[in-house]
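Colleague: Have a look at the structure that comes next, please.
The values are calculated or read from the model by the stated rules, or taken from the named source; none is laboratory data. The structure displayed is predicted, hence computed values, not measured ones. As a convention, Cβ positions derive from the backbone with ideal geometry for all residues, glycine included, and neighbour counts pool all protein chains shown.
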Amino acid sequence: MSSASAQASTASALTVPVPLGERAYDILVGRGLIGTVGSRIAALGARAAAIVTDEHVGPLYAQAFSDALQTHGLRTSVITLAPGEATKSYASLERVCDAVLEAKIERGDLVIALGGGVIGDLAGFAAAVVRRGVRFVQVPTTLLAQVDSSVGGKTGINSRHGKNLVGAFHQPSLVLADTALLDTLPLREMRAGYAEVVKYGLIDDARFFAWCERNWRGIFEGGMERDEAVAQSCRAKAAVVVRDEHETGDRALLNLGHTFGHALEKITAYDSARLVHGEGVAIGLNLAFRFSAALGLCPISDAERIEAHLTSVGLPTRLSHVPGGCGTVDELLDAMAQDKKVKGGSLTFILAKGIGQSFIAPGIEAGKVRTFLMSEIN
Ligand code: NAD
Ligand code: MG
C-alpha cells in the first residue's frame, strides 16, 4: 500500500470508544493502521515500548511496526515467543516480565501485544504485574483477537488446573485492530474467529446476524465489510464490558455457545489439530439454539438458519463433526460440569428465544441436558 493510501485509510479508521471511566480507551479499526498510527501511540506519552509477539507474527510485522514507533521517538524492543496455547505459561510469563524489565520499561512506558489471543493474554498479564502495572496496547493480529480477546481487559495464563485460571483484569490503553494483518491469517483461524463474530448477532442483534449472512464473503476477502464486522463486534463486546467489567452479571452472555464449546475442547484435549476454540464455539452456537428449541423456547427454524450459515462458511456445527469423536454423553456432561459456569448440581446455559434474543438460564437440570445430548449423538 502506498503511504498516501495508508494515510487515507488511517483517516477513515473506525473508532469504537470503551467508556470505562478512568480506564476508558479507544479501539481503532482499519486497514494499514500499524504503519501509520505511531503518532497515536506516541501521544500516550511513553518513551519506550516492549513489543511482545510470536514466531509466526513477528517475522511478518514486528519490524515495520517497530520502525513506525521509532519514527515517533519511541525506543523499542521485541520479545518473540513460540506460537500456540502452550505459550500461556508461567515460564513464558517469567520470560516476558524479565525481558520487559531488561528493556527498562517504566511505569509510563508501554507493553505492546502484537499477536493473537495467546500473545494478548500473556503480554497483558505481564503488563498487569510488572512494576505492579504498566500500560499496554493491544495490536491483535487474528480475527478472534480483534473481535474478542483484545477488548475487555481479561488477561492471564493457563495453570495445570485449567485454562485462564491465573490472571488479572487489566484494561489496555489503546487497541489497534489493523484488518490488513488478517490477510496472512490461515483460513481455518479466520473461520474460527468468525464464529465469535456471528455470536454477537445471535446474542442480541438479529440485524447484524442477517448482515453477516449477506456479507461474510467480504469479511473473508478483506473488503470494507471486514472493517465493519470487526468494529461492530467490538461495539457489541464493549457494550457488555462497560455494563459488567468484572464479569459478575450479564458479561456471561458472551459465553453463548461456550458451555458446549468448552466441553468439546476439553474432550479433544485442547488439541488444535482436532478442534480450535472457534470451531468448538460454532458447534456450541448451533447446539445452544437446538437445545433452546428442544426446550420449547425457540423455533427450530432459527437453529436451522444458523446451521446453514455456519456450514456455508465452512465451520463445523454438529457433535459428529468433531475429528476423532466427541466422546459419550457422560463424558460430555462431565466436561460441562467442570466448566466454571456450573453452580450446584444444575448447569447455567446461555439459551435463546430466537436469533438475537439470548438470555442467561441458570438452574438447567442435568437430566434435560442428557436427554438433549442423547438425541444429538444418535
Ligand atoms: P493464537 O494467538 O494462538 O493465534 C492463532 C495462530 O495464528 C497462531 O499460530 C499465531 O501464530 C497465528 N497468527 C496470528 N496472527 C497471524 C497473522 N496475522 N498471520 C499469520 N498467522 C497469524 O490464537 P487466537 O485464536 O488469536 O487466541 C486464542 C487465545 O485467546 C486463547 O488462549 C484464549 O483463551 C484467548 N482468549 C482470551 C479472551 C479474553 O477476553 N482475554 C477472549 C477469547 C479468547
Ligand atoms: Mg470465545
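Colleague: Taking interchain pairs and intrachain pairs at least six residues apart, which have beta carbon atoms under 7 angstrom, with the first residue in region 246-258 and closer than 16 Å to Ala337 by Cα and the second near ligand 2 (Cβ under 8 Å from one of its atoms)?
Modeller: That search, which allows pairs on different chains as well, returns Gly257/Lys199; Gly257/Val281; His258/Val281.
Colleague: Sort out which residues of region 273-282 are more than 14 Å from Tyr194 (Cβ to Cβ) and touching a Leu at 6+ places or on another chain (Cβ under 8 Å), and write them in order of number. Let's see the steps before the verdict.
Modeller: Initial filter on region 273-282 (more than 14 Å from Tyr194 (Cβ to Cβ)): 273-275.
Residue satisfying the conditions is Leu275 alone.
Colleague: Could you list, in sequence order, the residues of region 123-151 that are of a type outside the set (A, V, I, L, M) and surrounded by fewer than 24 Cβ atoms within 10 Å (Cβ to Cβ)? Break it down into steps so the answer makes sense when it comes.
Modeller: Step one: list which residues in region 123-151 are of a type outside the set (A, V, I, L, M), which gives 124-125, 131-133, 135-136, 138, 140-142, 146, 148-150.
Selection gives Arg131, Arg132, Gly133, Arg135.
Colleague: Among Phe220, Phe260, which is the only one that is under 30 Å from Leu333 (Cα atoms) and among the aromatic types (Phe, Trp, Tyr)? Spell out how you get there, then give the answer.
Modeller: Numbers: Phe220 fails: under 30 Å from Leu333 (Cα atoms).
One residue alone meets the criteria, Phe260.
Colleague: Residue check: is Asp330 within 16 Å of ligand 1 (Cβ to nearest atom) and modelled with pLDDT under 95?
Modeller: Values: within 16 Å of ligand 1 (Cβ to nearest atom): no; modelled with pLDDT under 95: yes.
Criteria not met by Asp330.
Colleague: In contact with an Asp or Glu (Cβ under 9 Å, 6 or more places away or on another chain) and assigned to a loop (DSSP other than H, G, I, E, B): which single residue out of Leu275, Leu297, Leu253, Leu264 fits that description? Quick ask: steps written out before the conclusion?
Modeller: On the way: Leu297 fails: in contact with an Asp or Glu (Cβ under 9 Å, 6 or more places away or on another chain); Leu253 fails: assigned to a loop (DSSP other than H, G, I, E, B); Leu264 fails: assigned to a loop (DSSP other than H, G, I, E, B).
Result: Leu275 is the single residue among Leu275, Leu297, Leu253, Leu264 that is in contact with an Asp or Glu (Cβ under 9 Å, 6 or more places away or on another chain) and assigned to a loop (DSSP other than H, G, I, E, B).
Colleague: Looking at region 225-246, is at least one residue part of a helix (DSSP H, G or I), under 29 Å from Gly21 (Cα atoms), touching a Leu at 6+ places or on another chain (Cβ under 7 Å) and of a type in the set (Gly, Ala, Ser)?
Modeller: Taking every residue of region 225-246 in turn, at least one turns out to be part of a helix (DSSP H, G or I), under 29 Å from Gly21 (Cα atoms), touching a Leu at 6+ places or on another chain (Cβ under 7 Å) and of a type in the set (Gly, Ala, Ser).
Colleague: Please specify each residue of region 155-174 satisfying the condition of being near ligand 1 (Cβ under 7 Å from one of its atoms), touching a residue at least 60 places away in the same chain (Cβ under 8 Å) and crowded, with 22+ Cβ neighbours inside 10 Å.
Modeller: Selection gives nothing.
Colleague: What number of residues within region 99-127 satisfy the criterion of being more than 12 Å from ligand 1 (Cβ to nearest atom) and modelled with pLDDT of 95 or more?
Modeller: Taking region 99-127 and keeping what is more than 12 Å from ligand 1 (Cβ to nearest atom), we get 99-112, 126-127.
This time we only want the ones that are modelled with pLDDT of 95 or more, so: 99-105, 109-112, 126-127.
Counting residues in region 99-127 that are more than 12 Å from ligand 1 (Cβ to nearest atom) and modelled with pLDDT of 95 or more gives 13.
Colleague: Limited to region 83-105, what total is found for residues that are touching a His at 6+ places or on another chain (Cβ under 7 Å) and either touching a residue at least 40 places away in the same chain (Cβ under 8 Å) or closer than 14 Å to Val134 by Cβ (or both)?
Modeller: Let us first name the residues in region 83-105 that are touching a His at 6+ places or on another chain (Cβ under 7 Å), namely 83.
Keeping just the survivors that are either touching a residue at least 40 places away in the same chain (Cβ under 8 Å) or closer than 14 Å to Val134 by Cβ (or both) gives none.
The qualifying residues number 0.
Condition check ((1) more than 16 Å from ligand 2 (Cβ to nearest atom); (2) farther than 30 Å from Arg274 by Cα) across all residues:
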site	(1), (2)
Gly21	yes, yes
Leu44	yes, yes
Ala48	yes, yes
Arg75	yes, yes
Lys88	no, no
Leu93	yes, no
Leu101	yes, yes
Gly108	yes, yes
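Colleague: Going by the conditions given, is Ala62 away from ligand 1 (no atom under 11 Å from the Cβ), touching a strand residue (DSSP E or B) at 6+ places or on another chain (Cβ under 6 Å) and part of a helix (DSSP H, G or I)?
Modeller: On the way: away from ligand 1 (no atom under 11 Å from the Cβ): yes; touching a strand residue (DSSP E or B) at 6+ places or on another chain (Cβ under 6 Å): yes; part of a helix (DSSP H, G or I): yes.
So Ala62 fits the description; yes.
Colleague: Just checking, does region 178-195 include any residue being aliphatic (A, V, I, L, M), part of a helix (DSSP H, G or I) and farther than 25 Å from Thr155 by Cα? Break it down into steps so the answer makes sense when it comes.
Modeller: In the first step, residues of region 178-195 are kept if they are aliphatic (A, V, I, L, M); the result is 180-182, 185, 187, 190, 192, 195.
Filter once more, keeping what is part of a helix (DSSP H, G or I): 180-182, 187, 190, 192, 195.
Within this subset, residues satisfying the condition of being farther than 25 Å from Thr155 by Cα are 187.
There is at least one residue in region 178-195 that is aliphatic (A, V, I, L, M), part of a helix (DSSP H, G or I) and farther than 25 Å from Thr155 by Cα.
Colleague: Can you spot a residue in region 90-98 that is of a type in the set (Lys, Arg), within 14 Å of Ala168 (Cβ to Cβ) and crowded, with 16+ Cβ neighbours inside 10 Å? Let's see the steps before the verdict.
Modeller: Step one: list which residues in region 90-98 are of a type in the set (Lys, Arg), which gives 95.
Remaining after also requiring within 14 Å of Ala168 (Cβ to Cβ): none.
There is no residue in region 90-98 that is of a type in the set (Lys, Arg), within 14 Å of Ala168 (Cβ to Cβ) and crowded, with 16+ Cβ neighbours inside 10 Å.
Colleague: Let me ask another. Does Ala210 satisfy the criteria of being surrounded by fewer than 16 Cβ atoms within 10 Å (Cβ to Cβ) and either within 13 Å of ligand 2 (Cβ to nearest atom) or modelled with pLDDT of 95 or more (or both)? First the steps, then the outcome.
Modeller: On the way: surrounded by fewer than 16 Cβ atoms within 10 Å (Cβ to Cβ): yes; either within 13 Å of ligand 2 (Cβ to nearest atom) or modelled with pLDDT of 95 or more (or both): yes.
Yes, satisfied.
Colleague: Determine if region 160-168 includes at least one residue that is closer than 16 Å to Asp54 by Cα and either hydrophobic (A, V, I, L, M, F, W, C) or within 16 Å of ligand 2 (Cβ to nearest atom) (or both). Don't jump to the end; show me each part of the working.
Modeller: We begin by selecting, within region 160-168, every residue closer than 16 Å to Asp54 by Cα; these are none.
Within region 160-168, none of the residues are closer than 16 Å to Asp54 by Cα and either hydrophobic (A, V, I, L, M, F, W, C) or within 16 Å of ligand 2 (Cβ to nearest atom) (or both).
Colleague: A follow-up question, please. So, Ile203, is that one more than 11 Å from ligand 1 (Cβ to nearest atom) and either outside any helix (DSSP H, G or I) or not acidic (Asp, Glu) (or both) or not?
Modeller: Values: more than 11 Å from ligand 1 (Cβ to nearest atom): yes; either outside any helix (DSSP H, G or I) or not acidic (Asp, Glu) (or both): yes.
When the stated conditions are applied, Ile203 passes them.
Colleague: With under 15 Å from the mean Cα position of the chain (by Cα) and either within 16 Å of ligand 2 (Cβ to nearest atom) or on the phi > 0 side of the Ramachandran plot (or both) as the only criterion, which of Leu182, Leu144, Leu176 stands out? Before you say what the answer is, go through the steps one by one.
Modeller: Working: Leu182 fails: either within 16 Å of ligand 2 (Cβ to nearest atom) or on the phi > 0 side of the Ramachandran plot (or both); Leu176 fails: either within 16 Å of ligand 2 (Cβ to nearest atom) or on the phi > 0 side of the Ramachandran plot (or both).
None of the others qualify; the one that does is Leu144.
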